[in-house]
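Q: Just passing along the structure, written as structure tokens.
The values are calculated or read from the model by the stated rules, or taken from the named source; none is laboratory data. What you see is a predicted model, and the numbers here were worked out from it, not measured in a lab. Methodologically, a virtual Cβ is constructed for each residue, glycine included, from the backbone with ideal geometry; neighbour enumeration extends over all protein chains shown. When the accessible area is computed, the model is the full protein with side chains, heavy atoms only, and any ligands, DNA or RNA have been set aside. Shrake-Rupley method; radii C 1.70, N 1.55, O 1.52, S 1.80 Å.
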Amino acid sequence: MVYKLKYIISLSCLCLLLSQDSFNANLVGHWFEPHENYWSENISDFNDIWGYEDESGGRYALMGGWDGTYIIDISTNPSSPELVSFIPGSTSSHRDIKSHQNYIYIGTEANYPDPELYEQGDYYVMPQGIQVIDMSDPSNPVELDEWSGVVESHNIMEADGYLYVIGSQSLFSNDGEVEAWGLDDLIILNLEDPSAPVKVGGWSGVYLHDVCIYEDVLYGCDLYNDNMYAFDISDKTDPSVITIWPGISHAHSCWVSEDGNTLFTGSETMSGHIMSWDVSNLSNVSFLDEWMPDGGEGWSAHNVFVLGDRLYISYYVYGLQVLDISDPSNLELAAFYDTFDMETESIYNGAWGTYPFFGSDNVIISDRRTGLYVVDVLNDGSDTLGDINADGSIDVIDIVMVVNFVVGLSTPTDEESYLSDMNQDGEVDILDIVLMVDFILEIQ
């Protein structure tokens, strides 16, 4: 019966993929092999995602599940990602993973009972700190340690050899047997020995839901009070608040531009939207712009990440959304790939996480219900529209190529189609040729 159910779900996913909605993005590969979910009516099969690259260049998606973490090879056979190992963990609706050198760290909210014990009438939630995993051999990951300063956590973040643990609120495990001796609203662990994290500092004052870091500044999302915090973390033993500013409804996630001058926030609420902030002067933070998808007033954003001049967003029911942030005061849609094409009343269904740092041609996405996606985002800001042959200029050769596409003398690749679509209306036609001619005349 379980096999038949998985077959039906897999077939449904295939039908979904064949009808997937996208713009400037193509599917590379898809994976859907969840463990049978004991708590399927309460929590989803999958949650967050991160990436890991081994010493030989092999790339792996690290995807959280309800009972542990899946390690999925996305580079050996890109069109058919393959599960290579699984790391068991406490039963949970949330799991968060980060990588550092040849290690990964896994945090979890550890908020559901162990199924086997539950069947025996014992309501026991297994406490879990931060799992420390040696990934030297991704097909055989080794759990070396568990930092036990907390019994649960919502999120973790790694930067510059430190691991930041946030969202831990429980002083004891549910049975009262295990104490969270390292509890703080912001916990800083030193990874000088990556196999054995050591707490070196902490701060408490308000629940932080997520953080992002740029040099010696850490930004924290004050979800329940609609605020953003900026901390000075130059002294890891004593982080201090620089400034607080309001105006971010249900501030859930954040990421900083590569020059450190702009902060992008995502709001996890109905009418959740993306906002950009000028943080070049932290004594005078200013609002720049906001964005949401067409028709997005009743839905929610989730996580945000910056790569180059693009913002990659896991936007729940809207899947992956990619914004052009080259002008942060004018946020514009650059690409999208919808991973969730189902009826739902929940604003939290769909794409939970994304990881763009393998590059725009290998963006990975975790969808709570439909699994792992590897997507090639064409509009990554590195190519010039109209430069079809990628020789650095737009000229008559490019026009001839587009004319051949339009009249059917040759068939463009996906990349050539994107570069030919000058007005970005999804079609390559005579209007694009006219725009190319106008461009050439203007620069002469």
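Q: Note the listed values (i) 22.9, 80; (ii) 21.6, 68; (iii) 20.5, 60, then indicate which one is Rg and Dmax of the Cα atoms in Å calculated from this particular structure.
A: (i)
Q: Sorted by average packing, counted as other Cβ atoms within 10 angstrom per residue and highest first, what order do 67-77, 243-253 take?
A: 67-77, 243-253
Q: Carbon and sulfur atoms: what percent of the 1.4 Å accessible area of the chain do they account for?
A: In the chain, the share of accessible area belonging to carbon and sulfur is 49 percent.
Q: Using a Förster distance of 51 Å, how high is the FRET efficiency between residue 39 and residue 429, based on the Cβ-Cβ distance and rounded to 0.05?
A: 0.50
Q: In a Gaussian network model over the chain where Cα atoms closer than 10 Å are linked, find which of 314, 286, 44 has the largest mean-square fluctuation.
A: 286
Q: Give the ranking of 231, 32, 357 by solvent-accessible surface, highest area first, calculated with a 1.4 Å probe.
A: 357, 32, 231
Q: Convert 37 °C to kelvin, take the viscosity as 0.692 mPa s, use the Kirkwood radius over C-alpha pairs of the stretch 299-403 as Rh, and evaluate the Stokes-Einstein diffusion coefficient in µm²/s, rounded to a whole number.
A: In µm²/s, the coefficient is 220.
Q: Go ahead and run the numbers for FRET between residue 258 and residue 278, Cβ-Cβ distance against an R0 of 22 Å, rounding to 0.05.
A: 0.90
Q: Rank these residues by their accessible area, most exposed first, probe 1.4 Å: 123, 337, 118.
A: 123, 118, 337
Q: Run lengths n ≥ 4 of DSSP H only: what is the helix-derived mean residue ellipticity at 222 nm for the chain, with -39500 (n - 2.57) per run over all residues, to the nearest 500?
A: Value at 222 nm, helices only: -3500 deg cm²/dmol.
Q: Taking 7 Å along the Cα-to-C-beta vector as the label spot, tell me the residue 333-residue 440 distance in nanometres, rounded to one decimal.
A: 3.1
Q: Measuring from label point to label point, each 7 Å out along Cα→Cβ, what is the residue 397 to residue 361 span in nm?
A: 2.0
Q: What figure in square angstrom, to the nearest 10, would you give for the accessible area of residue 400 with a 1.4 Å probe?
A: Near enough 80 Å² of accessible area.
Q: Taking 0.36 nm per residue of sequence separation and subtracting the Cα-Cα distance, how much length would be gained by fully extending the chain between residue 146 and residue 82, in nm to one decimal?
A: This chain segment gains 20.3 nm when fully extended.
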